[in-house]
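K.L.:
Quick one: this structure, given as C-alpha cells, is what I'll be asking you about.
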Amino acid sequence: METLRVRGDRLSRRLEELGQVGAIEGGGCARLALTDADRAGRDLVVTWMRDLGLDVTIDEIGNVTAERAGSDGGPPVMCGSHIDTVATGGRYDGNLGVLAGLEVLETLAEAGVTTRRPLAVAFFTDEEGSRFAPDMLGSLVYAGAMTVEEAYDLVAIDGARLGDELARIGYLGATPCPGRVPHAYVELHIEQGPVLETGGEVIGAVTGVQGISWQEVTVTGQSNHAGTTPMSYRHDAGYVAAAATVFVRDLAAELGGHQVGTVGTLDLHPDLVNVVAGRARFTVDLRNTDEPDLRRAEDRLAGELERLGAAEGVTVARRPLARFAPVEFDPAIVELVESTAASLGFPARRLPSGAGHDAQMMARLCPAGMIFVPSAGGISHNPAEHTDPEHLEAGANVLLHTLLQLAGGLSLGAALDAAALDAAAPTAAAPTAAEPESSGGPA
Ligand code: HGY
Ligand code: MN
Ligand code: MN
C-alpha cells in the first residue's frame, strides 16, 4: 500500500470542471452559498460521489457526506471541506479538500483496498459566510454549536432567509444535525497565504486556526448639502466610517504579532456625490491566534467607535456576525501529517491557519487536523488564486496516506496507534469557541 498514489491528472480535471461552474473572468468562481451556482456545483459533486458508488447523505443544513464502507463498522475517518466560494473566488479554496477526498476514495476503489474503518468525504454548507454570516456555518451546525432552527432564520446580505434558500435549491436534507461523530477528521486546503511558498515547503502541518471576530457597524448621522453645510455643522457618517477603517489598519500595525484587521464592506447612504452621508454601514473582520489579544483589539475598536461617534454627533450601532476563539488541532494528527509528508519526501513545516476552516468546527467533535499546500503569491479569495498541479497532487497523496493510517490501512512511517488516538479523542465536549453572540445577517 506504501506505493499507492492518487491520479493527479484526474484531480486536476475535476477541479477544472468544477471551476467552470459559476466561472468568472480571470479563471475564478462565484458560487455564493445556496445560490443557483452553488446548487449546480453541489449537483456535479454529488453526481461524482454517486458514480463512485458511495453512500451519499444530505443533512438538515445541506451538508453532504459520501461514505465508503470499511471492513469494520463504526464511525468513519472523515475528510472534506467546502465548495461554496466568495463572489470573487478562486477554484481551489475548499474545492481541493473535497475533490482530493473523492480522488482518495476512487484510488482505493481502483486498487481494491478496503480500510478497517469506513472513510467519508464531505462538503459543508456556507463555509465562506460572505452571503450568510457566520462563516463555517454548516460545520458549526454539524458540530451542534448552532441549532438548525437558528440557522434557518439567518438573513443574507441580499435579504434572503437561509432555510428558504436551502429548500429552494433542493438541499434541505433529512439526516439530523448534529451529525455523527467521526473517528477523526482531516482537511486538505490551500494555505491562502505566502508562508509555504516563501519557505520552499510543499506541505503544511496545520497546528490550529486563529480566532475570528466579525461585526457589522451602522453609523447614523445626518444627510446634508455638501456645499452649504459648514464643516462644524456636519454629522458625517461617511467620515466616521473612513476614520474607523484607518483605525482598524493602524491597530493591527500597533498590536503586531498575528493581529490582522479588515474593513471589507462599506455602504454609504444616500451614496451621492453632493450629499453628506447620513448613514454608513461597514463590516470589521479582526483575527488573532491569541484570544486575549483578539479581545483587546475588539475592546480598542469599541472604544474608538464610541469616541468618534461622540465627536461627530452620530450614533454607532454594532452587531456581531461571527465570533470564534482560536482552535488547536490534535497533536497526534499534526504529527501524523508531518511524518506522512516526510515519508513521501515532501518538505513540510508546521503553521497556524490565518483563514477559518470547517476543521475548526469538527475539532469540537473529534481529533482533527489539516494539510496545507502552497498558494502562488499567497493569493486567495481572488480569481488569480493558483496552486501548482504537482502541489495539488502532493497534498492529495499526503491526505491519502494520512487517512489510510487513521482508518487502519498500512502505515508509511510510524503507524499511528489507533488506541492512542482513541485515547486522545476528547471525552468532555471539546473546549468550545466563544459562540457567535449573534449571527444574523443584516436586519
Ligand atoms: O473567512 C475565512 O477565513 C474563510 O474563508 N471562511
Ligand atoms: Mn476555504
Ligand atoms: Mn475562503
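K.L.:
Order these peptides, 72-79, 140-147, by their mean beta-carbon neighbour count within 10 angstrom, highest first.
P.N.:
Packing order, densest peptide first, comes out as 140-147, 72-79.
K.L.:
Could you grab the relative contact order for the chain? Cα pairs under 8 Å, six or more apart, rounded to a whole percent.
P.N.:
In percent, rounded to a whole number, it is 23.
K.L.:
On to the next question. Quickly rank 337-346, 158-167 as a protection proxy: mean count of other C-beta atoms within 10 Å, highest first.
P.N.:
The densest-packed peptide leads the list: 337-346, 158-167.
K.L.:
Using the crude model of +1 on Lys and Arg Cβ and -1 on Asp and Glu Cβ, and no other charge, please compute the dipole size for the chain relative to its Cα centre, in debye to 20.
P.N.:
280
K.L.:
Which distance in nm do the two modelled labels at Asp9 and Thr315 give, with both placed 7 Å along the Cα-to-Cβ direction?
P.N.:
6.5
K.L.:
Per DSSP H run of n ≥ 4, the term is -39500 (n - 2.57); total these for the chain, divide by its residue number, and report the mean residue ellipticity at 222 nm rounded to 500 deg cm²/dmol.
P.N.:
Mean residue ellipticity at 222 nm (helix-derived): -10500 deg cm²/dmol.
K.L.:
Could you please report the charge total around Asp267, scoring K, R as +1 and D, E as -1 over all other residues with beta-carbon less than 12 angstrom from its beta-carbon?
P.N.:
So the environment of Asp267 carries a net charge of 0.
K.L.:
A further question follows. So, in Å, what gap is there between the alpha-carbon centers of the stretch 67-113 and the stretch 133-176?
P.N.:
Distance between centres, Cα-based: 22 Å.
K.L.:
Provide the packing ranking of 177-187, 248-258, i.e. peptides ordered by the mean count of other C-beta atoms within 10 Å per residue, highest first.
P.N.:
Taking the mean over residues of other Cβ atoms within 10 Å, the ranking is 177-187, 248-258.
K.L.:
Determine the dipole magnitude for the stretch 7-96: charges of +1 sit on the beta-carbon of Lys and Arg, -1 on that of Asp and Glu, nothing else is charged, the reference point is the Cα centre, and the result goes in debye to the nearest 20.
P.N.:
Using only the charged Cβ atoms, the result is roughly 280 debye.
K.L.:
Below 8 Å between Cα atoms, with a sequence gap of 6+, how large is the relative contact order for the stretch 211-324 in percent?
P.N.:
45 percent.
K.L.:
Quick one: work out the % antiparallel among DSSP beta bridges in the chain, nearest 5.
P.N.:
70
K.L.:
Enter the accessible area of Tyr239 (Å², nearest 10), with the probe set to 1.4 Å and all protein chains included.
P.N.:
110
The values are calculated or read from the model by the stated rules, or taken from the named source; none is laboratory data. Everything numeric in this text was worked out from a predicted model, so none of it was measured. Positions of Cβ are generated from backbone atoms using ideal geometry, with glycine treated the same way; all protein chains shown enter the neighbour counts. To get the accessible areas, we keep the full protein, side chains included, count just its heavy atoms, and leave off ligands, DNA and RNA. Shrake-Rupley method; radii C 1.70, N 1.55, O 1.52, S 1.80 Å.
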